[in-house]
Amino acid sequence: MAKKVAVIGAGVSGLVSLKCCVDEGLEPTCFERTEDIGGLWRFKENVEDGRASIYRSVITNTSKEMSCFSDFPMPEDFPNFLHNSKLLEYFRIFAKKFDLLKYIQFQTTVLHVKRRPDFSSSGQWEVVTQSGGKEQSAIFDAVMVCSGHHILPHMPLQSFPGIERFQGQYFHSRQYKRPAGFEGKRILVIGIGNSASDIAVELSKEAAQVFISTRKGSWVLSRISEDGYPWDSVFHTRFSTMLRNVLPRAIVTWMWEQQMNRWFNHENYGLQPQNKYLLKEPILNDDLPSRILYGAVKVKPRVTGLTETSAIFEDETVEEDIDVIVFATGYTFAFPFLEESLVKVEDNRVSLYKYMFPPQLEKATLACIGLIQPLGSIFPTVELQARWATRVFKGLCSLPTEKTMMEDIVTRNERRIDLFGTSQSQILQTNYVDYLDELASEIVYVSGKSRKHSSIFKKNKFLKGV
Ligand code: FAD
Ligand code: NAP
């Protein structure tokens, strides 16, 4: 009998997981708390609890060439970088083509996922859901957690002394939808991730003045790279990945800096990363440098204090008459429906083998899909994750011992911190091609054959990626 798999969430991770279940002859049921597919990419005017919320103008920062699923290219007439509505259209065509909608129970929230009493032998889970006020419970042989990680705002108000006195409006970037209503205001945007830079640029076209406050700076790239090609098709080549892996770190850092400064010298714009040694995710923004040149966006250092109407910065400058503060300070994540011990973030690391499997389970029947932030597109990444997970569930691939998985988690995390730093926004950061290669190599191994599991870092002493 086909194994039953519960898929939680019908965003891109859930959709591709459904497809992989079907490909492997598993029997999936997807629970989606809202009324439709698309997750984060389905824009709505209102912010919904329990679902990511984006602004109207979001455009992908990874190109269509690098973001499509392996067996389903994006339509020829789609542009290279997609407005959120266009990406949603791609997901809709994908779901239709592979007839995935019939597996989805909409407006059904997963409340609990619990190990069955005989879990050590059966590996089964009880999944409790709620729909229309009614609770239901069903037994599954495996679970794919695809519930996303851009839902809970990270609002570090404690780092902003005086915020309780501030008389203007302040909110997290998750609440931001469009520039209407901000005309003529003086706005302070906190952070320099993709949300902060998109929002600062957009608001600067309507506002009296926008300030963007960064405590550590960031590299900024244009979506358009050499000869007009999309940046990621130039950046994420096997050759550049190989160079990053074999060359000494000092040379890699130097090359990275040259590449990042090719468009404009970050130091002149006040954006120079404080720690150039880190290979942190660059932000993609075609307009930020020009908005800074026009004076419409002013770059400021860390905020040290706020008064009723003004912001004080680390360099002791003060900006008066601030009307609005946008906290584009990223996200935290949680899985309220899972036992707390299963997916933990402690000591600044996620306790999952290759960002997917809890190592302590007697049976590998639960996987997180999409709990990751690759330097490249997440779409092919979640596809490979789902292909591997479904093959593990089916018994075609096996996982190493708990000890080996724990060693891998610890080593991987040390490498991550060394490469990307300790910032909250880097907890899920991974390299791209290295990680995809790792997943792909797991898929081709078949259980029963004498594969020796050991940490990938032991097998390949040159591998610096995580
Ligand atoms: P989501 O899209 O968040 O979907 C999760 C789904 O699970 C939702 O539909 C939600 O309703 C459902 N759900 C949650 N909890 C439950 C529950 N308890 N029961 C039932 N259903 C539940 N990545 C890229 O590669 N390229 C980009 O250009 C890019 N742009 C981005 C832009 C923004 C503004 C943000 C925030 C992220 C971006 N990302 C990008 C990364 C992003 O994580 C992925 O694009 C992707 O959308 C994540 O998909 P997901 O399916 O994992 O999660
Ligand atoms: P993010 O990448 O996590 O960035 C958060 C920013 O807030 C960082 O600059 C961080 O600075 C800063 N910050 C955090 N805590 C702070 C504090 N206490 N004081 C001051 N600054 C603080 O969040 P995001 O920009 O919302 O992006 C989330 C994900 O969505 C990313 O993967 C991003 O690529 C994606 N995204 C994509 C698009 C697009 O495709 N167009 C648009 C938006 C978002 P430090 O680095 O110093 O910690």
| In the stretch 177-198, residue nearest to residue 150 (Cα to Cα) [restricted to those that are more than 8 Å from ligand 2 (Cβ to nearest atom) and out of contact with any strand residue (DSSP E or B) (no Cβ under 6 Å at 6 or more places or on another chain)] | 177
| note | Residues in the stretch 314-339 that are touching a His at 6+ places or on another chain (Cβ under 9 Å), more than 30 Å from residue 126 (Cβ to Cβ) and hydrophobic (A, V, I, L, M, F, W, C) total 3
| said: Report every pair of residues separated by at least 6 positions or lying on different chains whose Cβ atoms are under 8 Å apart, first residue within the stretch 408-427 and under 18 Å from residue 273 (Cα atoms) and among the charged types (D, E, K, R), second away from ligand 2 (no atom under 13 Å from the Cβ) and modelled with pLDDT under 90. | reply: 416/349; 416/466
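Okay, residues lined up against (1) surrounded by fewer than 18 Cβ atoms within 10 Å (Cβ to Cβ); (2) touching a Gly at 6+ places or on another chain (Cβ under 7 Å):
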position: 275; (1), (2): yes, yes
position: 279; (1), (2): no, no
position: 282; (1), (2): no, no
position: 294; (1), (2): yes, no
position: 358; (1), (2): no, no
| Every residue from the stretch 18-74 that is closer than 27 Å to residue 237 by Cα and assigned to a strand (DSSP E or B) | 59, 69, 72
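Can you list the helices (runs of 4 or more DSSP H) lying wholly within the stretch 203-267 that have 1 or more residues being among the acidic types (Asp, Glu), more than 16 Å from ligand 2 (Cβ to nearest atom) and surrounded by 15 or more Cβ atoms within 10 Å (Cβ to Cβ)? Step through it out loud before you land on a result.
On the way: elements: 231-235, 238-246, 249-260.
Ranges flagged: 249-260.
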| Is the stretch 157-170 home to any residue that is more than 11 Å from ligand 2 (Cβ to nearest atom), free of Cβ contacts under 8 Å to residues at least 12 places away in the same chain and assigned to a loop (DSSP other than H, G, I, E, B)? | yes
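Take the conditions outside any strand (DSSP E or B), under 18 Å from residue 270 (Cα atoms) and small (Gly, Ala, Ser) and apply them to residue 196. Does it pass?
Working: outside any strand (DSSP E or B): yes; under 18 Å from residue 270 (Cα atoms): yes; small (Gly, Ala, Ser): yes.
Taking the combined requirement at face value, the residue satisfies it.
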| query | Based on what the data block shows, is residue 362 among the charged types (D, E, K, R), surrounded by fewer than 17 Cβ atoms within 10 Å (Cβ to Cβ) and part of a loop (DSSP other than H, G, I, E, B)? | reply | yes
| said: If I go through the stretch 331-351 residue by residue, how many of them are modelled with pLDDT under 95 and in a loop (DSSP other than H, G, I, E, B)? | reply: 13
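When only residues in the stretch 32-69 that are small (Gly, Ala, Ser) and at pLDDT 95 or above count, which is farthest from ligand 2 (Cβ to nearest atom)? Give the steps one after another, and end with the answer.
Looking only at the stretch 32-69, we keep the residues that are small (Gly, Ala, Ser), and these are 38-39, 50, 52-53, 57, 63, 67.
If we keep only those that are at pLDDT 95 or above too, we end up with 38-39, 52-53, 57, 63, 67.
Values: 38: 15, 39: 13, 52: 9, 53: 11, 57: 9, 63: 11, 67: 10 Å.
Result: 38.
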| Criterion violated by residue 307 - all others in (1) farther than 25 Å from residue 181 by Cα; (2) out of contact with any strand residue (DSSP E or B) (no Cβ under 8 Å at 6 or more places or on another chain); (3) away from ligand 2 (no atom under 16 Å from the Cβ); (4) not aliphatic (A, V, I, L, M) satisfied | (1)
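Anything in the stretch 29-50 that is of a type in the set (A, V, I, L, M), crowded, with 18+ Cβ neighbours inside 10 Å and within 18 Å of residue 152 (Cβ to Cβ)? List them, or say none.
Looking only at the stretch 29-50, we keep the residues that are of a type in the set (A, V, I, L, M), and these are 37, 40, 47.
Cutting the leftovers down to crowded, with 18+ Cβ neighbours inside 10 Å gives us 37, 40.
Once the filter is applied, which keeps residues that are of a type in the set (A, V, I, L, M), crowded, with 18+ Cβ neighbours inside 10 Å and within 18 Å of residue 152 (Cβ to Cβ), the stretch 29-50 yields only 40.
The values are calculated or read from the model by the stated rules, or taken from the named source; none is laboratory data. Keep in mind that what you see is a predicted model, and the values were worked out from it rather than measured. FYI the Cβ positions are ideal-geometry reconstructions off the backbone, even for glycines, and counts take in every protein chain you see.
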